[in-house]
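Since the structure comes first, as structure tokens, the remarks are kept for the end.
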There are 2 protein chains.
Amino acid sequence: MARAIAGGRPTVKDVAAAAGVSATTVSRVLAGNYPVSASTRKRVLRAVRDLDFVINAQARALVGGSTRTVAFIVRDLVGPLFAYIGQGVEQQATAEGRVCLVCTHHGDADRELELIELMREQQAEAVVLVGGGLRTTEHLERMAQIARSLERVGSRLVLCGRPPIGPDAPATVVEYDNEGGAFAVANYLISLGHRRIALIGAAEPEHTTTSARYDGFTRAHAAHGLTVDTGLVVGGTFDRESGYRQTKALLAGDAGMTAIIGITDVVASGVLAALREAGLRVPGDISVAGYDDIPLSADLTPALTTVHIPHEELGRAAVRLALHRDEYALDQHLMLGTHVVIRESTAPPRESNG
Amino acid sequence: MARAIAGGRPTVKDVAAAAGVSATTVSRVLAGNYPVSASTRKRVLRAVRDLDFVINAQARALVGGSTRTVAFIVRDLVGPLFAYIGQGVEQQATAEGRVCLVCTHHGDADRELELIELMREQQAEAVVLVGGGLRTTEHLERMAQIARSLERVGSRLVLCGRPPIGPDAPATVVEYDNEGGAFAVANYLISLGHRRIALIGAAEPEHTTTSARYDGFTRAHAAHGLTVDTGLVVGGTFDRESGYRQTKALLAGDAGMTAIIGITDVVASGVLAALREAGLRVPGDISVAGYDDIPLSADLTPALTTVHIPHEELGRAAVRLALHRDEYALDQHLMLGTHVVIRESTAPPRESNG
DNA sequence: GGCAGCATAGTTAACGTTTTCTACAGGAAG
DNA sequence: CTTCCTGTAGAAAACGTTAACTATGCTGCC
């Protein structure tokens, strides 16, 4: 007892001395992987409590081979989308007895690479990259190289919500059906009778998220024998402000749409604000839909029809697949489904002609 | 090169062999803390690149003494409040060259204690506890003991957004003025002329956050010579559903309040929903305020008057103080200010009698 | 020319675990 | 009464790195 109060960190040796056994025996009592007599076990556990001993995870990892650590690298902790995926990662990691390292890169691709390197130093068993990234060939090649680097040291690169980097790169990929969700929501609006549907925020064709959603939007039109009026497809960024501004512009231009799809829920919230300001009622005068199904969307007025992404399962699956890649060897590329969540912001157009 | 492709994780020894030097020299080149000739350095760095070597952080920590790791333990990753504080923790940790471990306990106090233990195994330099916790003497005593345990191993317990656990417990505390914010918002409503103000969600008197807010609420009344009608102080959890249900109940009971304060913004969003459903206008018929100033509150209709908490600075300060506790020795208890953010959900009562 | 002092580099012993491998009982089987 | 397990325990090596010494040339100075 005196020792515990006096000294620094007690070690296995200290416990062994206090219990009158060898360090080996202490280790075995703690691990429970070797027969130890009941009386010895009792004495050891007593000493552990008395000294307030905890094992040194670093030392254990050094000899044991594995750190039991999963890293996740994310743009920001605060975005609802990222947070939910991160939540899934953390939960699954915890469920698998792993500890979670987290880093943010705030959209800086170079920083992202640095962080991966850092996680390699930390000997993370898996490195989960969350959210979209650059699609330049240079970046992809660097990423593939990193995937190989990680594989060499027994770790695993996991792409979560981001398309694969190449056929030969050893990486686990967990995507969601971005194009399918866009198809579904556009299809739903068309089925309601809408014929002139605007898509706001489809700016960067190189961005994987944007282009997949645009593709689904187009395919839905084609499926109904319609063609997309490119005048109704406008760009912008992923924020609220952008949705607001672009909606104002469309209204001013008298585009004549009966429905608007925001490229994300956040954009859609800006759309709603602009429409409200213009005195238009949703969904009476015009229907609005979003994408992502972030918690905000249920709280908007009216509650937003949107596309649900299985955020949390995305994170969980990422960790599960990566840690059990022997069992799931054939399944290292997973595509999770999306579906439309119908709320109050959509209705048939005023004069239905469908 | 062949070695890098063939083998497992290259070690300092492998690099040393490839560069024709000793392991010590490699270590010195990497650390840059000892003179090494330019030519040697070049050869070593070359070998590092060729072998795609990264240092083993565990082994370094084992001998070097420090893991350069900060742990933060939080209720959930997804709550906006926690996420922002977590963001602050992560940023400051990164700025200080530390790596961040994250765990969630989902409100389970025992799990929280387990996690602290786990972080002690991980040899985290600081263990940051985010958000309110229980205030029972038993829990406080256990917490104090943990603080001492951590101190013995050179780590540090940090309470972030939670009051101190006791004068003798070695812990860093970064609070925000919870009581003051509650006073301010209640005072503001009273000044507008409100006399019957409901407080929704003040359920658990043992919860630190709840009780501080209730105290501020009471003090504001007292400052104006008013007494709180306990019939207007109702319990519930911290979610939207709770705000919704409790508001319904108050309306049904004909409580006659002219303003409602939600214990959090999320609760307040439920309040707004219930009022809207009842056909009451905010702030025309009734005023509503929240607490926390999460991003959602600006997007609600009407935008919510609330109390701003310096979320991110809370997290940053927590890490800063803990890591530099030699410099900030006298300053290990910090109280950050809060202030009311007036938006559109509050106005004088319909028949002002103030 | 001898010697202090500096710039480099290497040797060796830690750090705190786990994992062989070895050891010694006591009991069962022959 | 050996012999051979089986149950329990310890000794020593290993994990990958760093830090405290030690060693070797040099340079420069008396």
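With a 10 Å cut-off around each Cβ of B:296-307, the average count of Cβ atoms from other chains is 2. A simple rule links phi to the HN-Hα coupling: the Karplus curve 6.51 cos²θ - 1.76 cosθ + 1.60 with θ = phi - 60°, which for segment A:265-271 gives 4, 5, 4, 4, 5, x, 4 Hz, with x for Gly and Pro. Annotation for A:L280, label-to-label distances across the other copies: 3.3 nm (shortest first, one decimal, point 7 Å from Cα along Cα→Cβ). Couplings 3J(HN,Hα) of segment B:123-131, computed from phi: 6, 4, 5, 9, 10, 9, 9, 9, x Hz, in residue order, whole Hz [Karplus 6.51 cos²θ - 1.76 cosθ + 1.60, θ = phi - 60°; x for Gly and Pro].
The residue among B:A222, B:L272, B:Y84 whose Cα reaches farthest toward the positive pole of the charge dipole of chain B, with charges on the beta-carbon of Lys, Arg, Asp and Glu, is B:Y84. Taking Cβ atoms as reference points and 11 Å as the exclusive limit, the residues near A:G131 contribute a net charge of 0, counting Lys and Arg as +1 and Asp and Glu as -1. Compared with the dominant Cα axis of chain B, that is its longest principal axis, helix B:109-121 is turned about 20°.
By other beta-carbon atoms within 10 Å, ranking B:I73, A:I85 with the fewest at the front produces B:I73, A:I85. Across the alpha-carbon set of segment A:18-99, the Rg to Rh ratio works out to 1.18, Rh being the Kirkwood radius.
Distance between the 7 Å Cα→Cβ label points at A:Y34 and A:S191: 6.4 nm.
Here is how far apart the B:G256 label points are across copies: 5.9 nm, shortest first, using a point 7 Å from Cα toward Cβ.
One decimal, nm, shortest first: give the distances between the label point of B:A329 and those of the same position in the other copies, each label point 7 Å from Cα along Cα→Cβ. Output for B:A329: 6.0 nm, nearest copy listed first. Divide the volume of the convex hull around the Cα atoms of segment B:201-319 by the residue count and you get 114 Å³ per residue. With neighbours defined as other Cβ atoms within 10 Å of a residue's Cβ, the residues B:E351, B:E277 order from fewest to most as B:E351, B:E277.
Evaluate the Debye formula for the protein assembly as shown with equal point scatterers sitting on the alpha carbons, no solvent, and hand back log10 of I(q)/I(0) at q = 0.05, 0.08, 0.09 Å⁻¹, in q order, two decimals. These q points yield log10 I(q)/I(0) values of -0.30, -0.74, -0.91. Projecting the Cα atoms of A:L51, B:T209, B:L159 onto the dipole axis of the protein assembly as shown, where Lys and Arg carry +1 and Asp and Glu carry -1 at the beta carbon, places A:L51 farthest toward the positive end. Per residue of B:74-83, other chain Cβ atoms within 10 Å of the residue Cβ number 5 on average. Annotation for A:D331 and B:E327: the two label points, set 7 Å from Cα along the Cα-Cβ direction, are 5.1 nm apart.
Using the Karplus relation 6.51 cos²θ - 1.76 cosθ + 1.60 with θ = phi - 60°, the per-residue 3J(HN,Hα) values for segment A:229-238 come to 7, 5, x, 9, 9, 10, x, x, 9, 8 Hz, with x marking Gly and Pro. Each Cα pair under 8 Å and six or more residues apart adds its separation to the average, and for chain A the resulting relative contact order is 16 percent. Given a Förster radius of 22 Å and the C-beta distance between B:E114 and B:E151 as r, what FRET efficiency does 1/(1 + (r/R0)^6) yield to the nearest 0.05? The calculated FRET efficiency here is 0.70. Ranked by how many other Cβ atoms sit within 10 Å of their own Cβ, fewest first, the residues A:V48, A:V266 fall in the order A:V48, A:V266.
In a reduced charge model with +1 at each Lys and Arg Cβ and -1 at each Asp and Glu Cβ, segment B:217-354 shows a dipole moment near 220 debye about its Cα centre. Across segment A:217-330, the relative contact order, built from alpha-carbon pairs under 8 Å that are at least six residues apart, equals 19 percent. Extension gain, B:H339 to B:A23, is 108.1 nm, computed as 0.36 nm per intervening residue step minus the present C-alpha separation.
Dividing the alpha-carbon radius of gyration of chain B by the rule-of-thumb value 2.2 N^0.38 Å gives 1.29.
Taken together, the values in this text are just the output of simple stated rules run on the coordinates, not laboratory data. Predicted, not measured: the structure shown is a model, and the values here were computed from it. Because the Cβ atoms are built from the backbone with ideal geometry, glycine has one as well, and the counts that use them run over all protein chains shown.
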